[in-house]
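*Asks:* I'd like to ask some things about the structure below.
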Amino acid sequence: MTQQLRAAGALSVAIAAALAIGLPLMILLMLDPSSQAACSGTPTGPGPTSVPGIPRNLLPIFEGAGQQFQLGNNGWAYLAALNNAESTFGTSQLPGVHSGSNSAGAAGPMQIGIGGAATDNWDTIVAEIPAGLPGGAQPPSVYNETDAVYAGAALLKKWGAPGNWQAALVAWNNYPPEIAQVTQLVAQYTNTGQGKAGATPVTTTSTTPAPATGQGCVPVSGPTTPGAVARVLPNGLAAIPQGAPPAVQEMIAAGNQIIGYPYSYAGGHSPASMKVPPGPNADPGAQENGGPGYDCSSAVSFVLWGGGLGQSLLGGQVDDSWTLMGVGQPGAGQWVTIYAGTSGGQGHTFIEVAGIVLDTVHGSATSPAGTGPRWQPASEIAYELASGSFVTRHPQGL
């Protein structure tokens with residue numbers, strides 16, 4: 001692997017390029033209100049943007065699981081109500097929530113049976129949890145919030161939801177006080193949710209366009225896949241997960257726009273390069289590897305701009321890898337994780353979105369072939385971490 005492919009603006013020329021575009025880009029946005037409005041929206045999920053009583057960071061999990069198992073418009077609300085009733089959204093310290101099991105043999109934040117009177121529902125359903133769920137455990141764990149919610153959704157589907165929610169709740173726990181509590185919470189959540197209404201589940205093939213429901217910079221169109229995890233298709237495009245928040249869908253749609261570009265050191269660090277589609281006049285940088293093209297940091301910036309985070313997260317800039325080490329919140333995100341730091345002695349960055357990776361370093365064969373930003377499977381993360389030191393950051397709420 002050459003140092004060129006790992007360079008991301010760490011040297012002074014790239015830093016200067018990133019800094020040089022800051023003022024022109026701010027002026028451009030001031031003169032183009034429509035562009036500014038399109039790129040400054042708050043990331044939201046496919047259901048309500050917020051619901052009193054439900055932790056906002058958990059909404060995408062409930063919504064994604066409901067979409068994955070086609071639980072209807074209110075599936076997210078039933079999952080949230082059960083999560084609340086069983087463990088107060090995973091915060092309860094009762095036996096079995098975080099380890100072991102309760103006296104009936106139920107475990108985890110959804111209190112799913114792992115043996116005893118509660119039966120072993122977990123082992124019957126764990127294989128249906130999608131691989132590589134953002135925020136999930138590997139292998140899936142009944143004590144992991146994301147895994148437990150998706151397993152709960154699979155069980156509810158198996159037991160008759162959404163056609164017969166009453167039967168599904170009885171099968172879940174034939175205890176009338178809890179059924180009454182859950183039913184009441186569902187009514188409360190669906191009546192007080194703010195923002196978009198719950199999305200109708202979509203049963204599409206990978207060629208059906210995704211609905212344009214977000215507020216980012218990229219029209220959400222292209223191949224889709226059910227659930228919350230994106231897929232890299234044989235042609236190199238990423239299938240957009242129907243259960244992901246719109247901002248995440250827009251980021252994947254943005255990445256799809258630039259997977260044909262070659263790697264170009266300091267390429268893409270200009271206002272024109274953040275426009276969608278980038279067009280034939282993308283900043284060629286040093287024209288390495290046959291530019292015009294993007295380097296790793298401008299590719300990551302392009303994806304973030306596409307999701308509407310150019311202003312709120314990047315401050316109107318096209319960041320270099322060193323700057324990306326300090327954006328957003330520390331640690332891995334539920335949907336989006338930025339990896340930035342050093343690799344092979346050079347600055348480097350890449351981004352994980354809904355379980356797949358956009359990178360200019362390729363740990364496996366890519367389509368199209370060649371250098372530049374390409375979608376990679378989640379195994380790319382381990383490949384990169386084996387050869388460099390990275391910090392992880394994520395946009396707030398994602």
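The values are calculated or read from the model by the stated rules, or taken from the named source; none is laboratory data. All figures in this text were calculated on a predicted structure; none of them were measured in a lab. FYI the Cβ positions are ideal-geometry reconstructions off the backbone, even for glycines, and counts take in every protein chain you see. Surface areas here come from the heavy atoms of the whole protein model, side chains and all, with no ligands, DNA or RNA. Shrake-Rupley method; radii C 1.70, N 1.55, O 1.52, S 1.80 Å.
*Asks:* So, in the range 341-364, exactly how many residues are among the small types (Gly, Ala, Ser), in a strand (DSSP E or B) and out of contact with any Lys or Arg (no Cβ under 7 Å at 6 or more places or on another chain)?
*Replies:* Total satisfying the criteria: 2.
*Asks:* Looking at Val391 and the list (1) at pLDDT 90 or above; (2) of a type in the set (A, V, I, L, M); (3) not in a strand (DSSP E or B), which single condition is not satisfied?
*Replies:* Against the list (1) at pLDDT 90 or above; (2) of a type in the set (A, V, I, L, M); (3) not in a strand (DSSP E or B), Val391 comes up short only on (3).
*Asks:* Quick check on this structure: which one of Ala369, Ala378 is free of Cβ contacts under 8 Å to residues at least 24 places away in the same chain and either hydroxyl-bearing (Ser, Thr, Tyr) or under 20 Å from Ala253 (Cα atoms) (or both)?
*Replies:* Checking each option against the conditions leaves just Ala369.
*Asks:* Give the range 365-377 a look and list any residue that's farther than 18 Å from Pro223 by Cβ and open to solvent by less than 50 Å² (accessible area, probe 1.4 Å), or say none.
*Replies:* Within the range 365-377, Gly370, Thr371, Gly372 meet the criteria.
*Asks:* Consider Thr342 carefully, then state whether it is touching a His at 6+ places or on another chain (Cβ under 8 Å) and open to solvent by 40 Å² or more (accessible area, probe 1.4 Å).
*Replies:* Considered against the rule, which asks whether it is touching a His at 6+ places or on another chain (Cβ under 8 Å) and open to solvent by 40 Å² or more (accessible area, probe 1.4 Å), Thr342 comes out as yes.
*Asks:* Sort out which residues of the range 322-341 are without any contact (Cβ under 8 Å) to a residue 60 or more places away in the chain and over 12 Å from Val300 (Cα atoms), and write them in order of number.
*Replies:* Scanning the range 322-341 gives a single hit, Gly341.
Yes/no per residue for (1) closer than 24 Å to Leu237 by Cα; (2) at pLDDT 90 or above; (3) within 20 Å of the chain's Cα centre (by Cα):
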position: Thr323; (1), (2), (3): no, no, no
position: Gly328; (1), (2), (3): no, yes, yes
position: Trp335; (1), (2), (3): yes, yes, yes
position: Glu352; (1), (2), (3): yes, yes, yes
position: Trp375; (1), (2), (3): yes, yes, yes
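*Asks:* Additional query: Take the residues in the range 379-398 that are β-branched (Val, Ile, Thr) and open to solvent by 30 Å² or more (accessible area, probe 1.4 Å); name whichever of them is nearest to Ala244 (Cα to Cα).
*Replies:* The extreme case among them is Thr392.
*Asks:* Please specify each residue of the range 314-338 satisfying the condition of being open to solvent by 20 Å² or more (accessible area, probe 1.4 Å) and either under 22 Å from Asn256 (Cβ atoms) or part of a loop (DSSP other than H, G, I, E, B) (or both).
*Replies:* Gly315, Gln317, Met325, Gly326, Gly328, Gly331, Ala332, Gln334
*Asks:* Considering only residues that are modelled with pLDDT of 85 or more and over 21 Å from Gln70 (Cβ atoms), look in the range 216-246 and name the one that is surrounded by the fewest Cβ atoms within 10 Å (Cβ to Cβ).
*Replies:* So, considering only residues that are modelled with pLDDT of 85 or more and over 21 Å from Gln70 (Cβ atoms), the one surrounded by the fewest Cβ atoms within 10 Å (Cβ to Cβ) is Pro234.
*Asks:* Quick one: which residue in Leu23, Leu19, Leu28, Leu59 is modelled with pLDDT of 80 or more and closer than 29 Å to Ser312 by Cβ?
*Replies:* Leu59
*Asks:* Out of all the residues in the range 125-135, is one or more at pLDDT below 90 and either of a type in the set (Asp, Glu) or on the phi > 0 side of the Ramachandran plot (or both)?
*Replies:* For the range 125-135, residues at pLDDT below 90 and either of a type in the set (Asp, Glu) or on the phi > 0 side of the Ramachandran plot (or both): present.
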